[in-house]
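So the structure is just underneath, and the comments pick up after that.
The values are calculated or read from the model by the stated rules, or taken from the named source; none is laboratory data. Just so it is clear, the structure is predicted and the values come from calculations on it, not from any experiment. Here the Cβ positions follow ideal geometry from the backbone for every residue, glycine too, while neighbour counts run over all protein chains shown. Ligands, DNA and RNA are excluded from the accessible area calculation, which covers all protein heavy atoms including side chains. Shrake-Rupley method; radii C 1.70, N 1.55, O 1.52, S 1.80 Å.
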Amino acid sequence: MPIDRRSVTRELRFLLQGVDGLAGEGLPAALQRIVEAAVTVLRAQGAGVMLADEQEVLRCAAASGPPGRGLATAQERLGAGPALDSFARDVPVASRDLTTDGRWPDLRHLIDAAAVRGVLSAPLSLTEGGPIGALNLHSSRVRDWEVADIAATTGFAGVAASLIGVAVEARLRGVLLERLLDALRGAAHRPGPE
């Protein structure tokens with residue numbers, strides 16, 4: 001079933017309007033709101049966000065539920081899967097049925113096959129700097145991902161990456177401001193020259 005452009009636009013507008021709130025509530029809460037919105041907007045049974053750590057290893061950062069977290073954790077353990085391929089190649093990666101997909105044969109043994117079958121992963125890419133992670137969608141049934149699904153997911157992932165960038169930048173600015181204030185407080189308590 002094609003994704004309704006109006007619902008995608010409306011949900012993305014709500015996310016963008018809340019960008020200051022997302023930044024203020026911290027990255028974990030922002031990521032949770034992103035995966036919850038992805039489930040609704042992109043008509044998936046579940047969603048997850050995996051972000052790269054300092055060694056460029058993808059780690060589960062948020063999931064809409066246990067199946068999504070299990071999918072992300074399984075990919076972490078194996079070092080293979082649609083999200084890792086999407087991140088490495090900076091393109092969306094779809095699997096009609098993860099339980100029979102020959103690209104990642106060991107992944108089927110680590111996921112809940114009753115809850116995770118069709119998977120679509122899109123890179124979370126910053127405008128400058130490339131991918132920082134991947135957005136995973138999953139379906140509890142075999143799913144032929146249509147071009148419209150892939151396009152909508154890629155667009156959503158782009159907005160999500162921007163929101164993550166804003167949240168991280170706000171956190172960094174907060175840390176810098178706190179350090180500056182600490183330095184000013186320390187300077188105020190030092191005795192002056194006599």
- Message: List the residue pairs whose Cβ atoms are under 8 Å apart, where the first residue sits in the range 44-59 and is closer than 9 Å to residue 133 by Cα, the second is aromatic (Phe, Trp, Tyr) and open to solvent by less than 50 Å² (accessible area, probe 1.4 Å), and the two are 6 or more positions apart or on different chains.
- Response: 50/87; 52/87; 58/87
- Message: Can you go through 149, 144 and tell me which one is assigned to a loop (DSSP other than H, G, I, E, B) and within 24 Å of residue 67 (Cα to Cα)?
- Response: 144
- Just one listed residue, out of 170, 188, is open to solvent by 50 Å² or more (accessible area, probe 1.4 Å) and at pLDDT below 90, and it is 188
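Here is a yes/no grid of residues against (1) modelled with pLDDT under 90; (2) under 10 Å from the mean Cα position of the chain (by Cα); (3) within 18 Å of residue 63 (Cβ to Cβ):
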position: 113; (1), (2), (3): no, no, yes
position: 117; (1), (2), (3): no, no, yes
position: 123; (1), (2), (3): no, yes, yes
position: 129; (1), (2), (3): yes, no, no
position: 133; (1), (2), (3): no, yes, yes
position: 139; (1), (2), (3): no, no, yes
position: 143; (1), (2), (3): no, no, no
position: 151; (1), (2), (3): no, no, no
position: 164; (1), (2), (3): yes, yes, yes
- Task: Mind listing whichever residues of the range 46-62 are of a type in the set (Gly, Ala, Ser) and closer than 15 Å to residue 110 by Cβ?
- Result: 48
